[in-house]
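Chemist: Here it is, the structure, as structure tokens.
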Amino acid sequence: MAEAGEWEPDAENWVQWARTPGHDAYWYYRDNFFDTMVPHAGKHTIEVGCGEGRVTRDLMARGHQVTAIDSSQSLVRHARTGDSRGRYAVADSATLPLRDGRFDLAVAYNSLQVVSDMAATVNEIARVLQPDGRLCVCIAHPVTDLGEFAGHEPDARFTLRPGYFDNVRVEETVENNGLTMTFRGWTYSLQDYSLAMEEAGLRIEAIREPKPVDSSGRYDRWFALPLFMFIRAMKP
């Protein structure tokens with residue numbers, strides 16, 4: 001989750017962005033994530049950084065009983081009205097107001113890269129997981145997150161920016177098919193994520209670099225480079 005209130009100015013923009021079918025990359029990667037990384041529904045799942053609730057809704061459609069949290073009051077309100085079956089709360093991911101060992105599954109879909117203290121968030125997630133619980137993560141790929149294409153052609157050269165190991169503040173406004181959204185967050189290296197899980201006592205079980213599905217040409221350039229990285233880790 002972003003810092004408290006940080007996404008409030010763009011909450012309404014995000015609702016439009018996220019709820020327009022086929023609008024962003026989520027629609028072309030989500031099935032791969034749910035089908036290959038997320039275990040079958042257990043007793044209780046937590047989603048950390050739920051935004052307007054689309055991941056929670058997709059988890060619930062797959063039988064999960066979900067508690068979802070986010071730092072944005074407006075986004076939690078939209079998530080709750082979008083599907084009242086889930087449990088939603090406004091909370092800071094670095095200090096979860098939940099007891100130890102409550103959940104058998106945690107999901108953080110594109111939320112770890114928008115917190116300033118990612119390691120503290122991972123540590124809190126580990127705390128609320130029960131033994132043998134899993135954390136399933138989607139993140140912007142740490143390599144391609146620090147690069148850019150030289151042009152808009154499908155075969156444009158991709159180049160890395162300097163400072164891969166630096167934690168850099170990101171704030172970028174994107175326009176797509178008449179919708180505008182400002183994305184805020186931080187860059188983290190693969191080592192940052194790995195160390196955070198290691199220090200939280202989590203054991204990485206699987207890492208995947210997924211390709212888009214049925215993108216109708218919109219994401220063809222990401223068949224050659226990974227846009228996202230999926231990680232599944234277990235609490236021993």
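The values are calculated or read from the model by the stated rules, or taken from the named source; none is laboratory data. Predicted model only: the values in this text are computed from it and were never measured. Using ideal geometry, Cβ is built from the backbone for each residue, glycine included, and neighbour counts are taken over all protein chains shown.
Chemist: Name the residue, out of Glu47, Glu52, that is modelled with pLDDT of 95 or more, more than 25 Å from Pro226 (Cα to Cα) and among the acidic types (Asp, Glu). Steps first, please.
Modeler: On the way: Glu47 fails: more than 25 Å from Pro226 (Cα to Cα).
Checking each option against the conditions leaves just Glu52.
Chemist: Report, by residue number, each residue of the stretch 167-183 that is more than 10 Å from Gln113 (Cβ to Cβ) and out of contact with any His (no Cβ under 9 Å at 6 or more places or on another chain). Can you show your working first?
Modeler: Of the stretch 167-183, the ones more than 10 Å from Gln113 (Cβ to Cβ) are 167-169, 171-182.
If the condition is that a residue be more than 10 Å from Gln113 (Cβ to Cβ) and out of contact with any His (no Cβ under 9 Å at 6 or more places or on another chain), then Asn167, Val168, Arg169, Glu171, Glu172, Thr173, Val174, Glu175, Gly178, Thr180, Met181, Thr182 are the ones that fit.
Chemist: Can you confirm whether the stretch 32-51 contains a residue that is farther than 30 Å from Pro131 by Cβ, surrounded by 14 or more Cβ atoms within 10 Å (Cβ to Cβ) and among the polar types (S, T, N, Q)? Show your work before the answer.
Modeler: As a first pass, look at the stretch 32-51 and keep what is farther than 30 Å from Pro131 by Cβ: none.
No: zero hits.
Chemist: Would it be correct to say that His44 is out of contact with any Leu (no Cβ under 7 Å at 6 or more places or on another chain) and farther than 23 Å from Leu179 by Cβ?
Modeler: On the way: out of contact with any Leu (no Cβ under 7 Å at 6 or more places or on another chain): yes; farther than 23 Å from Leu179 by Cβ: yes.
Judged against the criteria, His44 is a match.
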